[in-house]
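The values are calculated or read from the model by the stated rules, or taken from the named source; none is laboratory data. Only a predicted model underlies this, so the values are computations on that prediction, with no experimental measurement involved. Note that each Cβ is placed from the backbone with ideal geometry, even for glycine, and that neighbours are counted across all protein chains shown. Keep in mind that these areas ignore ligands, DNA and RNA; they rest on the heavy atoms of the full protein, side chains included. Shrake-Rupley method; radii C 1.70, N 1.55, O 1.52, S 1.80 Å.
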Amino acid sequence: VSRPFTAGERAMLVDSRGRRYLVNLRLDGQFHTHSGVVDHRTLIDRPEGSEVRSSSGARFVALRPTLAETVLKMPRGAQVIYPKDLAAMLMVADVGVGSRVLEAGVGSGALSMALLQSGARVVGYEVREDFARTARANVASFLGDEVHYCVEERDIYDGITESGMDSVMLDLPEPWRVLAHAEGALRPGGILVSYLPTINQVSQLRSRLDASRFAMAETLEVLHRTWHVTERSVRPDHRMVAHTGFITHARLLDEP
Ligand SMILES: C[S@@+](CC[C@H](N)C(=O)[O-])C[C@H]1O[C@@H](n2cnc3c(N)ncnc32)[C@H](O)[C@@H]1O
């Protein structure tokens, strides 16, 4: 549905070199850049894709930020999961509308946002009160208050209260300490997903998974390489994000 920009929402300004800036639109707001000032009023009531000019004539295109763009620019407490990995995690966890997901730790809320945008109902555990607050604020500012989202300030190593969950998604340093709790929280056939930065951690998790009720374990990483494409030259870009994290997933069986 096409909607013009309104005061109170977030817009993304893209300059002629492709640099992106997030702006919370206010009737009396101004966006200050090294190439002049853009009055928010020049954007309000305009459709997405409009071009606006700064006081010094620099051009900006205005769009609503996608989830991926928001995640990379939003306020952070903890390091967020990269969009390429978020996409893969949704797929391996088979997340869809109405899926019941237990997530820990919640951090800045990037994974929460991806889950909620896919229609999941999310309960998050986060030990740090300040991170829990940041995550709630990031979710509300991108998705509003209508989503099914509850963040509890608690340590998942102490246990999980929920049961019958479709998936448990972990982004914390010692996921093997959660396996016994996840066995009780997931429905049979439910999916455990863990995101880890080092292969030593993956190795420890995999050996503990082997001794659990989880089966069909798999570990993968997502390599995302962009290309430089012009009429005269087509080649891979020189730079890429070389390593982010390893995704491990497994299914819960009814019997050991
Ligand atoms: C890397 S961050 C998570 C980032 C998050 N996935 C995102 O995309 O924004 C790891 C988080 O786990 C939290 N954490 C670590 N151990 C925990 C535990 N035992 N229970 C709950 N949260 C924990 C940390 O406080 C931190 O916020």
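The strands (runs of 3 or more DSSP E) located wholly in region 183-245 that include 1 or more residues which are touching a strand residue (DSSP E or B) at 6+ places or on another chain (Cβ under 6 Å) and farther than 30 Å from GLY18 by Cβ occupy 186-196, 214-220. The set of residues in region 92-106 that are outside any strand (DSSP E or B) and within 12 Å of the ligand (Cβ to nearest atom) comprises GLY105, VAL106. For region 15-24, the set of residues classified as open to solvent by less than 30 Å² (accessible area, probe 1.4 Å) and under 13 Å from PRO65 (Cα atoms) consists of VAL23 only. Applying the criterion of being among the aliphatic types (A, V, I, L, M) and surrounded by 15 or more Cβ atoms within 10 Å (Cβ to Cβ) to the residues of region 35-60, the residue that is nearest to ARG3 (Cα to Cα) is ILE44. Within region 160-175, the residues that satisfy the criterion of being within 12 Å of the ligand (Cβ to nearest atom) and open to solvent by 10 Å² or more (accessible area, probe 1.4 Å) are ILE160, ASP171, LEU172, PRO173, GLU174. Reported count of residues in region 220-237, each being open to solvent by 100 Å² or more (accessible area, probe 1.4 Å) and over 26 Å from LEU196 (Cα atoms), is 4. Flag: PHE31 matches the condition of being touching a helix residue (DSSP H, G or I) at 6+ places or on another chain (Cβ under 8 Å), farther than 30 Å from SER118 by Cα and surrounded by 15 or more Cβ atoms within 10 Å (Cβ to Cβ).
Every residue, every condition in (1) more than 10 Å from the chain's Cα centre (by Cα); (2) buried (at least 21 other Cβ atoms within 10 Å of the Cβ); (3) in a loop (DSSP other than H, G, I, E, B); (4) not hydroxyl-bearing (Ser, Thr, Tyr), yes or no:
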residue	(1), (2), (3), (4)
ARG76	yes, no, yes, yes
LEU86	no, yes, no, yes
SER108	no, yes, yes, no
MET113	no, yes, no, yes
GLY124	yes, yes, no, yes
ASP130	yes, no, no, yes
ALA140	yes, no, no, yes
